[in-house]
Amino acid sequence: MVGRYHTNFTINNGLSDLTQIFIKEGTDFIEKEVKAGNPFLLYWTPDANHQPAYASKMFYKKSKRDSRYGDSVMEVDYGVGVILEKLKQLEIEKNTLVFFSSDNGAEGIAGKNGGHNGPLLCGKQTTFEGGMRTPGIAWWPGTIAPGTVTKQVGTTMDLVMTFAGLAGLTLPDVTTRQYDGVDLTPIFRGTQQRIERPVWFYRGNELFAVRVGKYKAHYWTWSHPALQLLSRPIRQGHHHTEPGKLYSSPDSVRPR
């Protein structure tokens, strides 16, 4: 397995070729499976944006942000482009759904060494919008028209249900087991405008928040003390809490 925690890769002052290796591994896998006539699922997860951020010589110190984080974003963007171009070269782009997202919002307290969540409250490690709302970009030429925008709420847990549906697969114990995700295929195909569903936000086994429609209830509000948003300490020294709040989402970012 290729990855900084599985093999001995050195990050030298923000310089590493690991993303380039990820790109080659991904495109080689696609080409191999297509030549063999196999359907495939590529789960491509570069980690260059995670601290300590890094970039290859091609992008090192190239970002206007003047940070390795900025360099790493440029390189991941480049890598996604290489993968999409490979799909086009193999003439399978119209039969391939590509979905781009992130597992959490930006670590705003890191300054230029982290991302920015704009007007959204808080960031990484919180269940506020800044910690949970991330880009969700679907690419499927011939099925999803360029520039299409949907207000459908989705989670990465929906991808399991969606991909299984597209592949014509039935998940194990689907009649007796409660799956967290929903099949978003009708949204992607444009046959349905909205799928109403609750979204539960857990940290470990504890429920922190729930969203239904445009409303989101927070049962445990907490953040990093550097943000100076909350005041009463609990449990761990760097976590704080205050009474629950009800937010109107997605347009509002401050509590009602």
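Potential lengthening of the chain between Leu84 and Tyr179 amounts to 31.2 nm, from the contour at 0.36 nm per residue minus the alpha-carbon distance.
Length, then width, then depth: along the principal axes, the Cα atoms of segment 70-225 run 51, 46, 27 Å.
Among the trypsin sites (Lys or Arg not before Pro) in segment 29-76, those located in a DSSP loop and surrounded by at most 11 other Cβ atoms within 10 Å of their own Cβ are Lys57, Lys64. So what does the Cα-only Debye profile of segment 21-125 read at q = 0.11 Å⁻¹, as log10 I(q)/I(0), no solvent term? Each listed q corresponds, in turn, to -0.42. Taking all Cα pairs closer than 8 Å and separated by 6 or more residues, the relative contact order of segment 85-144 comes to 37 percent.
Using DSSP to call loops (not H, G, I, E or B), can you name the chymotrypsin sites (Phe, Trp or Tyr not before Pro) in segment 175-206 whose Cβ has at most 15 other Cβ atoms within 10 angstrom?
Answer by residue number: Tyr179.
Values of log10 I(q)/I(0) for segment 123-180 across q = 0.30 Å⁻¹ run -1.26, by the Debye formula with one identical scatterer at each alpha carbon and no solvent. Among the GluC sites (Glu not before Pro) in segment 24-117, those located in a DSSP loop and surrounded by at most 11 other Cβ atoms within 10 Å of their own Cβ are Glu91.
Among the listed pairs Lys24/Lys124; Lys88/Lys112; Lys61/Lys86; Lys35/Lys57; Lys24/Lys57, which have their C-alpha atoms separated by more than 25 angstrom in this model? Violating the 25 Å limit, Cα to Cα: Lys24/Lys124; Lys88/Lys112; Lys61/Lys86; Lys35/Lys57.
Values quoted throughout were computed directly from the atomic coordinates according to the rules given, and no laboratory measurement underlies them. Quantities reported herein were computed from a predicted structural model and do not represent experimental measurements. Every residue, glycine among them, receives a Cβ derived from its backbone with ideal geometry; neighbour counts consider all protein chains shown.
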